[in-house]
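A.B. asks: Shown below is the structure under consideration.
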Amino acid sequence: MSQRFDILIVGAGHGGAQAAIALRQRGFAGTLAIVGEEPELPYERPPLSKDYLAGDKPFERIMIRPAAYWAEREVAMLTGMRVNAVDAAAHRVTLSGGETIDYGKLIWATGGHPRRLALSGHDLVGVHGVRSREDVDRMIGELATTTEVVVIGGGYIGLEAAAVLTKLGKHVTVLEALDRVLARVAGEPLSRFYEAEHRAHGVDVRLGCTVECIEETDGRATGVRLATGEVLPAQMVIVGIGIIPAVEPLIAAGAAGGNGVAVDEHCRTSLPDIYAIGDCAAHSNAFADGATIRLESVQNANDQATLVAKAITGEPEAYKAVPWFWSNQYDLRLQTVGLSIGHDDAVVRGDIASRSFSIVYLRQGRVIALDCVNAVKDYVQGRALVVAGAKVDPERLADASVPLKELLAPA
């Protein structure tokens, strides 16, 4: 099989889907295709560890668009296919089955694959990542025979899964190698709050833990052995220790990068007519003080996809979107705006014990990010402070009786 498309999108997640949507919305009339590894049409991934795992949302409700949408807009969906190689000079990709597809422009939106444990038992039945519908469907299929779950990794994915499984009546233990959960993405006050919340719901949260191996019986996980020698019984083990960006074919083709593929302010890679967006795109971010980072968020994938669509249709813009993120655990709605990377001060706004508060992060006296727990007004109003890099007296920030919008003008 040999085909050609004016634009070929590799990756059928949020970024890939939004790129196709934005191109058609902007009047692009050329041939367009999305290549996706999974058999499904594009769907939302955040609900996988929340509503979908809990059984609150069927798959149809997390699809980004129904099948008819793609057909009506003449977006060819090449599902269940993986790109193994890219020939940038020939403008051609080779699929896992050996077929080739030629393209005019290529948009790489592959995201990443769950990082696997580098220890014995990582591939046993009962050991799961949480990245795809298939991952979560396997978990759901094992729930009836599962009473004890060990979650390895105290990031958002692990904590969200722990919250859902606890509500489903499972005994859950969370193991975190560092001295607090969410250590890579949040300040200590938020970490301690979520540790306390999970413990209050019956989760056994263990910090500073090193896993030695996953124990088995007949090829199925039965427990997690710690470096101390203790074995935690488990019929299900969830691994949430980050992702590895899926960029090997681009790097092999000569694209600049390493931990992700390097892109410029218009999401162009170093290869001709190839863009990269979403979790796999390493870019200089103004909200990280210009550092080159990868942002693993729906917001970033969608915003970069729209940016590429604008560039392709003749209205290029530099990427400068404000990062935002959310997490639902129990009855807690966390909303984050900005990036707390490199903060040197964290101001707690409101009463943590009330379970409605915000943490405002500062760097050299300027607001760079907010974590808002059940505090929607702070999240909405705090965005302007982050965009402005406002310099605000920490005492005024801490006074929850003063709306954040009133702190912008004096800044």
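The values are calculated or read from the model by the stated rules, or taken from the named source; none is laboratory data. All values derive from a computational prediction rather than experimental measurement. Note that we place each Cβ from the backbone using ideal geometry, even for glycine, and neighbour counts take in every protein chain shown. Calculation scope for accessible area: heavy atoms of the full protein, side chains included, ligands and nucleic acids excluded. Shrake-Rupley method; radii C 1.70, N 1.55, O 1.52, S 1.80 Å.
A.B. asks: Provide the per-residue ³J(HN,Hα) series for segment 337-345, in order, calculated from phi with Karplus coefficients 6.51, -1.76, 1.60 and θ = phi - 60°, each as a whole number of Hz, with x at glycine and proline positions.
C.D. replies: Once θ is set to phi - 60°, the couplings for segment 337-345 become 10, x, 10, 7, 3, x, 5, 10, 7 Hz.
A.B. asks: How big is D for the chain, in µm² s⁻¹ as a whole number, if Stokes-Einstein is applied with the Kirkwood radius of its Cα pairs at 20 °C and 1.002 mPa s?
C.D. replies: D = 95 µm²/s.
A.B. asks: Can you tell me what the convex hull of the Cα atoms of segment 224-314 projects to on average, as an area in nm²?
C.D. replies: Averaging across all directions leaves 9.0 nm² for the Cα convex hull.
A.B. asks: Here's a follow-up. Residues with amide H under 5 Å of residue 223's amide H, sequence separation 5 or more or different chain, H placed in the peptide plane at 1.01 Å from N; which?
C.D. replies: Long-range HN contacts for residue 223: 215, 234.
A.B. asks: Just to confirm a number: summing +1 for Lys and Arg and -1 for Asp and Glu over residues other than residue 255 whose beta-carbon lies under 13 angstrom from that of residue 255, what do you get?
C.D. replies: Net of charged neighbours comes to -3.
A.B. asks: Please report, in debye to the nearest 20, how large the charge dipole of the chain is about its Cα centre when each Lys and Arg carries +1 at its beta carbon and each Asp and Glu carries -1 there.
C.D. replies: Charge dipole, the chain, about its Cα centre: 700 debye, nearest 20.
A.B. asks: How big is D, in µm² s⁻¹, for segment 133-244 by Stokes-Einstein at 20 °C and 1.002 mPa s if Rh is the Kirkwood radius over C-alpha pairs?
C.D. replies: Values: Rh = 14.2 Å.
Taking Rh from Cα pairs, D becomes 151 µm²/s.
A.B. asks: Hey, another quick one. Give me Rg/Rg_expected for segment 133-197, where Rg uses Cα atoms only and Rg_expected = 2.2 N^0.38 Å with N residues.
C.D. replies: Dividing the Cα radius of gyration by 2.2 N^0.38 Å gives 1.18.
A.B. asks: Along its principal axes, what span do the Cα atoms of segment 69-203 show, with the longest given first and each in whole Å?
C.D. replies: Here the Cα extents, ordered largest to smallest, are 57, 39, 37 Å.
A.B. asks: In the chain, carbon and sulfur make up what percent of the accessible area (probe 1.4 Å)?
C.D. replies: The computed percentage sits at 50.
A.B. asks: At 1.4 Å probe radius, can you tell me the per residue accessible area of segment 51-205 in Å²?
C.D. replies: That works out to 44 Å² per residue.
A.B. asks: How long are the semi-axes of the ellipsoid equivalent to segment 341-382, from square roots of 5 times the Cα gyration tensor eigenvalues, in whole Å, largest first? Walk me through the numbers on the way to the answer.
C.D. replies: Numbers: eigenvalues 70, 25, 9 Å².
Square roots of five times the eigenvalues give 19, 11, 7 Å.
A.B. asks: Further question on the same structure: Just add up the charged neighbours of residue 226: K/R +1, D/E -1, any other residue whose Cβ is under 14 Å from the Cβ of residue 226.
C.D. replies: -3
A.B. asks: Taking θ as phi - 60°, what are the ³J(HN,Hα) couplings along segment 114-123 by the Karplus curve (6.51, -1.76, 1.60), each to the nearest whole Hz, with x for Gly and Pro?
C.D. replies: Values, residue by residue: x, 5, 9, 5, 9, 7, 4, x, 5, 10 Hz.
A.B. asks: Let me ask another. At 1.4 Å probe size, with every protein chain present, just tell me what the per residue accessible area of segment 313-372 comes to in Å².
C.D. replies: On the way: 2520 Å² over 60 residues.
That works out to 42 Å² per residue.
A.B. asks: With N set to the number of residues, divide the alpha-carbon radius of gyration of segment 301-411 by 2.2 N^0.38 Å and report two decimals.
C.D. replies: Working: Rg = 15.5 Å, N = 111, 2.2 N^0.38 = 13.2 Å.
Compared with the compact-globule rule of thumb, segment 301-411 sits at 1.18.
A.B. asks: Considering only the chain, what is the antiparallel percent among its DSSP beta bridges, to the nearest 5?
C.D. replies: Looking only at bridges with both residues in the chain, the antiparallel portion is about 55 percent.
A.B. asks: Next question, about the same structure. In terms of modelled amide H atoms, which long-range or inter-chain residues lie less than 5 Å from the amide H of residue 113?
C.D. replies: 244, 246
A.B. asks: Counting each DSSP H run of 4 or more residues in the chain as -39500 (n - 2.57), what helix-only mean residue ellipticity at 222 nm follows after dividing by all residues, to the nearest 500 deg cm²/dmol?
C.D. replies: Numbers: 10 runs with 95 residues, N = 411.
Roughly -6500 deg cm²/dmol at 222 nm, from the helical runs in the chain.
A.B. asks: Within a Cβ distance under 13 Å of residue 289, other residues only, what is the Lys/Arg minus Asp/Glu net charge?
C.D. replies: Details: positive: 363, 366; negative: 344.
Net charge in that neighbourhood comes out at +1.
A.B. asks: Using only the heavy atoms of the protein chains and a 1.4 Å probe, how would 361, 319 rank by accessible area, largest first?
C.D. replies: Largest to smallest exposure gives the sequence 319, 361.
A.B. asks: Rounded to the nearest 5, what is the percent of antiparallel bridges among the DSSP beta bridges in segment 83-211?
C.D. replies: Approximately 45 percent, going by the DSSP bridge assignments.
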